Structure formats: C-alpha cells, structure tokens
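Engineer: If you scroll down you'll find the structure; I have some questions about it.
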Amino acid sequence: MNFPDNLRYTKDHEWIRTEGKEAVVGITDFAQGELGDIVFVDLNTPGKPLAAGDVFGTIEAVKTVSDMFMPVSGKVIAVNSALKDNAAVVNSDPYGDGWMVRIEITNAAESDSLLSAADYKKLIGA
Amino acid sequence: METIEETLKQTALTEVHTRLGAKMVPFAGYLMPVQYEGITAEHQTVRNGIGVFDVSHMGEFIFKGPNALDLIQRTTSNDASRLFVGKVQYSCIPNEQGGIVDDLLVYRVEENVYMLVVNASNMEKDWNWFMKNNTKGVEMHNISDKTTLLAVQGPKAVDVLQPLTDMDLKSMEYYTFQKGKFAGVDNVLVSATGYTGAGGFEIYFETVSSQKIWDAVFESGKPFRIKPVGLGARDTLRLEMGFCLYGNDIDDTTSPLEAGLGWITKFTKDFTAKNILLQQKEKGVSRKLVGFEMIDRGIPRQHYEITDKEGNIIGEVTSGTQSPSLQKAIGMGYVKTEYSKENTEIFIRVRNNLLKAVVVKIPFYRK
C-alpha cells in the first residue's frame with residue numbers, strides 16, 4: 001500500500017493535497033482496498049460551504065456503501081466528473097485520476113490536526 | 001485481551017485462504033474469505049470459467065432410521081417422500097407462525113439416511129428445532145465440524161472435476177448426487193447443486209482430506225485458470241439468480257409464500273403451520289418478495305425503504321448490489337402485493353433521495 005508523504009490524511013481515510021487556498025481531496029489506498037470494487041461515486045453539488053467532518057459524497061462499492069467526510073472546512077468548487085463513467089479508477093489510482101473533489105479552504109488552521117503519512121500508517125497498522 | 005479471531009471458528013482451509021491473499025471476515029461465527037482478487041473479477045471467473053468456494057461453515061446433519069423421513073416431512077415444507085436415493089431437494093423449515101426457521105437442502109443418502117444442509121448462522125436454532133420435533137427416536141448427528149464443503153462452480157466444472165473421479169459427472173442431473181471415490185479419497189459426496197446459477201458441483205468430504213482435495217481440484221483446474229472465490233462474489237452470483245439468502249430475503253417473520261417459495265410448499269402432506277400457509281395460499285398474501293432493477297443511478301441496500309411515487313412506504317429492500325454480469329443495480333425486497341406485478345414503477349429511498357426502479361422477473365441473469 002502506498003501513502004505519499006506530500007499528502008495529509010484523516011482518521012476516516014481521506015487524503016488532502018493543499019495547493020495554496022485550495023485543496024484536492026480523495027480516499028486513501030487503504031480505503032479503496034477495504035471497499036473493494038468501486039462502482040459509483042455520488043458527490044455533493046459544488047458550491048455549498050461544508051464544515052470539517054461533513055459528508056461531501058458517498059462511495060458505492062459492490063459490497064458496501066461509505067460516506068466521505070471533509071478533512072477541513074471549505075467549499076466544494078469542483079468534482080471529478082470523470083468518475084461518473086469510470087468509478088473504478090478510484091481503485092486503480094486513488095491519489096491521481098481517482099481524486100474526488102477540489103475545495104476552497106475556509107479555515108487553514110484546521111490542517112494542523114490532520115495526520116502525516118507516518119501517523120496514518122500507524123493508525124491503520126500498515 | 002480477547003481478539004475477535006480467537007472467538008471465531010476456522011475452516012480446515014483458513015491458512016490456505018490467507019496464503020492466497022484472501023480478505024478474511026467474520027461470517028456466521030466463522031472467519032471466512034470474502035474476496036481474493038476482487039468481487040467483480042471473481043464473479044466473472046464463476047460465470048465464464050470455474051471458481052472454488054470454501055463453504056465449510058455450512059451445517060450438515062445426518063438423520064437415520066425408519067422414522068427419519070417422517071421427521072423431515074413434519075418439519076419441512078417440501079415433499080421429501082419424492083426423494084429417491086441420490087436425489088436432493090431445496091426446502092424450508094416453517095415455524096409455528098408460518099415464518100421460516102431456515103432454508104436447506106435435503107439429501108436422501110441411503111434408504112433411511114438423509115443429510116440436511118443448513119445455514120451456518122442457524123445451525124444451533126435448527127438443531128434444537130429438530131430435537132424438539134424428534135418424537136419418534138430418529139438418530140441425529142451433527143457432522144458439520146468434521147465436514148468440508150467445496151462449491152466448484154462454473155461452466156468448466158465438469159472438465160475440471162471429471163478426471164478426478166469415476167463417478168459420471170457429465171450426465172449427473174441438476175439436484176442429484178453420487179457418493180464415491182474422488183481424488184483418491186473415499187466417501188466423497190458430489191452433488192450437482194450450487195448457489196450461483198453457473199452450473200457446477202458441491203463436494204462434501206471429511207475434513208482430514210481438505211488439503212488433498214483442494215490441491216487436486218486446483219491442479220486439475222490449472223488449464224482452465226481455476227481460481228478461489230470468496231463470499232462476496234457468492235452473494236452477487238446468487239442475487240443475479242434471485243436466490244433467497246436467509247437473514248436478508250427470508251427469516252423467522254417471512255412466509256415461504258410471501259417469499260415466492262410456494263413451489264417448495266407442498267400441501268399434500270402434513271407439516272408445521274400447514275393450515276396458516278394454506279390459508280395464505282387461498283386468500284393471497286399482503287406482501288410479496290420481488291426483484292427490481294434501478295432506473296435512476298444508485299444502489300439499493302438491505303433495509304432501504306421502498307416507496308410509491310409520493311414517497312409513501314410500500315416495502316423494504318432485503319438485498320441489493322451492482323450486478324457484475326448485467327452492469328446495473330439490482331435488488332430484492334418485499335412490497336405490498338398490489339405493487340408486485342412486473343413493470344410496476346417503485347422508488348427506493350437512497351440517502352433521502354427517491355430513486356426510480358422497476359419490478360422485474362427473476363432471475364435477473366439469464367444465460
């Protein structure tokens with residue numbers, strides 16, 4: 001399993017890559033493996049301000065369904081529309097083409113509570 | 001501290017599964033492989049080639065003696081008197097309210113010897129139920145712990161298994177079985193049954209031979225790219241066929257007639273709750289188990305509400321998944337009888353959205 005050092009992570013298995021005031025969010029390699037074959041991703045419509053921990057979308061795998069939570073407070077400004085036709089890319093490339101949403105961060109200070117790759121690995125026992 | 005694994009039973013092949021990279025999960029008190037390479041790939045393996053499930057968690061009871069048939073007749077809904085030696089029957093155990101204690105397979109192994117194959121999650125409940133009803137001294141044995149069950153399923157099953165035995169598998173009819181030598185092991189029961197709709201066999205044998213038979217099957221299956229398959233794909237395969245899963249689609253509160261199991265409910269003999277069920281048959285039932293396909297995008301899951309167009313609840317989803325063969329979301333659930341006709345538009349409440357679906361005929365998947 002792969003957990004890039006340049007990303008931050010949540011206990012709920014999302015990753016976040018900060019780019020100035022914006023950030024890209026997805027689910028971790030561990031999460032996609034646990035979910036199994038992902039068939040459908042349901043993402044909130046862009047524009048709504050969300051608090052850290054709010055649901056920004058739902059993943060449907062063959063076996064199960066799982067919510068995704070905002071790592072920090074922010075507004076969804078774009079969703080990965082390519083997932084509509086090919087949700088399986090979340091399994092094959094969770095940190096690249098399998099990204100979920102792009103957000104505008106409203107409270108940068110919250111990022112401090114996110115996990116480093118090392119902390120996240122410890123959390124999942126990897 | 002006690003870990004979950006310590007309280008779970010293992011099958012004789014648990015180590016093999018782990019070595020093959022299976023994701024192991026607790027299921028009905030056992031640690032079982034839910035998937036190896038992935039549910040979709042494993043599903044296709046069974047539909048198009050051949051796959052092997054370790055389903056040793058299933059329970060096997062042996063009933064012996066001149067009154068064995070009488071006990072089975074009184075406690076199950078199908079007519080076991082029609083079984084000849086070498087014939088299997090799908091049946092269910094009704095409770096006194098007309099609900100279902102369990103669904104099961106009944107094998108007539110010898111003139112006065114039957115094997116009943118029950119769900120792992122119900123093994124104790126079933127055993128106590130039969131004990132309570134065993135008023136005429138039938139000899140009962142629970143051989144589950146010393147029995148391994150492999151389901152070898154898929155269109156290539158005959159090609160792979162026939163070289164391992166003299167029993168004629170090619171001409172073995174659906175829902176019949178033979179007992180004999182298999183892969184050098186005596187007393188192996190090979191049954192033309194399964195829970196996938198893909199064809200194939202279920203093989204019962206003593207646990208001591210587990211590794212030997214597993215290895216022989218995989219060696220013979222190599223040219224056919226045989227693969228192990230987990231319980232995840234077993235669920236998607238059975239759901240595509242519209243087969244009921246106990247605990248999802250049927251339980252203590254659902255009647256066989258509501259569940260579409262009228263075909264295994266025979267009123268030509270006496271059995272538990274016969275009168276209640278007969279009345280249901282004559283008057284009709286108020287709800288029915290139906291299959292449906294999603295029209296709007298979304299996947300139905302167990303316990304989701306089924307509604308009419310206005311959002312009024314008309315039933316509940318009992319099983320649902322994305323069908324790997326059909327590439328669409330399918331489900332089963334109970335609806336008020338007036339909504340059970342084919343092509344009826346129904347709605348599934350998925351995360352507070354009402355998504356459109358349509359009642360369809362089962363099986364969902366046809367070859």
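The values are calculated or read from the model by the stated rules, or taken from the named source; none is laboratory data. If you're wondering where the values come from, they're calculated on a predicted model, not measured in any experiment. All Cβ positions, even for glycine, are placed from backbone atoms using ideal geometry, and neighbour counts span all protein chains on display. Remember, those area values only see protein heavy atoms, side chains included, never the ligands or the DNA or RNA. Shrake-Rupley method; radii C 1.70, N 1.55, O 1.52, S 1.80 Å.
Engineer: With unit charges on the beta carbon (Lys/Arg positive, Asp/Glu negative), name the residue among B:294, B:358, B:340 whose Cα is farthest towards the positive pole of the charge dipole of the stretch B:286-360.
Structural biologist: Farthest towards the positive pole: B:294.
Engineer: Given the -39500 (n - 2.57) contribution per DSSP H run of 4+ residues, what per-residue ellipticity at 222 nm results for the protein assembly as shown, rounded to the nearest 500 deg cm²/dmol? Could the numbers behind the result be given before it?
Structural biologist: Numbers: 12 runs with 96 residues, N = 493.
Computed mean residue ellipticity for the protein assembly as shown: -5000 deg cm²/dmol.
Engineer: While we're on this one: Name the residue farthest towards the positive end of the dipole of the stretch A:13-108 from the options A:90, A:77, A:25, assuming +1 on Cβ of Lys and Arg, -1 on Cβ of Asp and Glu, about the Cα centre.
Structural biologist: Farthest along the dipole direction, towards plus: A:77.
Engineer: Also, I was wondering about something else. Given the peptides B:192-198, B:64-70, B:249-255, B:45-51, arrange them by the average over their residues of other C-beta atoms within 10 Å, most packed first.
Structural biologist: Values: B:192-198: 21.7, B:64-70: 17.3, B:249-255: 19.4, B:45-51: 24.4.
Going by the mean number of other Cβ atoms within 10 Å, highest first, we get B:45-51, B:192-198, B:249-255, B:64-70.
Engineer: Indicate the gyration tensor shape class of chain B (rounded, prolate or oblate), computed on the Cα atoms with a ≥ b ≥ c the square roots of the eigenvalues: a/c under 1.5 is rounded; otherwise a/b larger than b/c is prolate and the rest oblate. Don't skip to the answer; put the middle values down first.
Structural biologist: Details: a/c = 1.72, a/b = 1.18, b/c = 1.46.
Oblate is the answer for chain B, as a/c is 1.5 or above yet b/c matches or exceeds a/b.
Engineer: If you don't mind, there's one more thing I want to ask. Looking at the square roots a ≥ b ≥ c of the eigenvalues of the Cα gyration tensor of the stretch B:103-196, which shape do they give, rounded for a/c under 1.5, prolate if a/b is larger than b/c, or oblate? Before the final figure, lay out each step's value.
Structural biologist: On the way: a/c = 2.31, a/b = 1.89, b/c = 1.22.
Here the stretch B:103-196 falls in the prolate category.
Engineer: Taking each pair of different alpha-carbon atoms in the stretch B:286-360 once, compute 1/r for the pair, average those values, and report the inverse of that mean as the Kirkwood hydrodynamic radius in Å to one decimal. Walk me through the numbers on the way to the answer.
Structural biologist: Values: mean 1/r = 0.0859 Å⁻¹.
About 11.6 Å, per the Kirkwood formula over Cα pairs.
Engineer: Round to the nearest 10 and report in Å² the accessible area of residue A:17, as given by a 1.4 Å probe over the protein chains' heavy atoms.
Structural biologist: The value for residue A:17 is about 70 Å².
Engineer: Of B:108, B:297, B:351, which is the most mobile in a GNM of chain B whose springs link Cα atoms less than 10 angstrom apart?
Structural biologist: Per the Cα network of chain B with a 10 Å cutoff, B:351 tops the list.
Engineer: Same structure, new question: Answer with one residue from B:11, B:89, B:22: the one whose Cα lies farthest towards the positive end of the charge dipole of the stretch B:1-106, charges on Cβ with Lys, Arg +1 and Asp, Glu -1.
Structural biologist: Among B:11, B:89, B:22, the one farthest towards the positive end of the dipole of the stretch B:1-106 is B:89.
Engineer: Here is a follow-up. Where does each of A:113, B:319, B:171 land when they are ordered by accessible area, with a 1.4 Å probe and the largest first? Don't skip to the end; give the middle numbers.
Structural biologist: On the way: A:113 95, B:319 5, B:171 75 Å².
In descending accessible area the options line up as A:113, B:171, B:319.
Engineer: How many angstrom lie between the C-alpha centres of the stretch B:305-327 and the stretch A:26-92?
Structural biologist: A separation of 22 Å, based on Cα centres.
Engineer: For the stretch B:331-350 and the stretch B:18-73, compute the distance between their C-alpha centroids and round to whole Å.
Structural biologist: About 30 Å separates the Cα centre of the stretch B:331-350 from the one of the stretch B:18-73.
Engineer: Averaged across the residues of B:344-355, what count of C-beta atoms belonging to other chains lies within 10 Å of each residue's C-beta? Intermediate values should be presented prior to the final figure.
Structural biologist: Details: counts 0, 0, 0, 0, 0, 0, 4, 5, 0, 1, 0, 0.
Mean partner shielding for this stretch: 1.
Engineer: Still on this model: Debye sum, Cα scatterers, the protein assembly as shown, no solvent: what log₁₀ I/I(0) at q = 0.08 1/Å?
Structural biologist: The calculated log intensity ratios at q = 0.08 Å⁻¹ are -0.57.
Engineer: Among rounded, prolate and oblate, which fits chain A when a ≥ b ≥ c are the square roots of the eigenvalues of its C-alpha gyration tensor, a/c under 1.5 means rounded, and a/b larger than b/c means prolate? Working shown, then result.
Structural biologist: Values: a/c = 1.69, a/b = 1.10, b/c = 1.54.
Here chain A falls in the oblate category.
Engineer: Evaluate the charge dipole of chain A about its Cα centre and quote only its size in Debye, nearest 20, assuming +1 on the Cβ of each Lys and Arg and -1 on the Cβ of each Asp and Glu.
Structural biologist: Working: 11 positive and 19 negative charges, 34 e Å.
Dipole about the Cα centre, nearest 20: 160 debye.
Engineer: While we're looking at this one, here's another question. At 1.002 mPa s and 20 °C, plugging the Kirkwood radius over alpha-carbon pairs of the stretch B:190-301 into Stokes-Einstein gives what diffusion coefficient in µm²/s?
Structural biologist: Numbers: Rh = 17.8 Å.
In µm²/s, the coefficient rounds to 121.
Engineer: I've got another one for you. Assign unit charges at the C-beta atoms only (+1 for Lys and Arg, -1 for Asp and Glu), then state the dipole size of the protein assembly as shown relative to its Cα centre in Debye, rounded to the nearest 20.
Structural biologist: Numbers: 53 positive and 64 negative charges, 237 e Å.
The calculation lands at about 1140 debye.
Engineer: Okay, next question. With +1 on each Lys and Arg Cβ and -1 on each Asp and Glu Cβ, how big is the dipole of the stretch B:286-360 about its Cα centre, in debye rounded to the nearest 20? Walk me through the numbers before you get to the answer.
Structural biologist: Details: 11 positive and 9 negative charges, 32 e Å.
Computed about the Cα centre, the dipole is about 160 debye.
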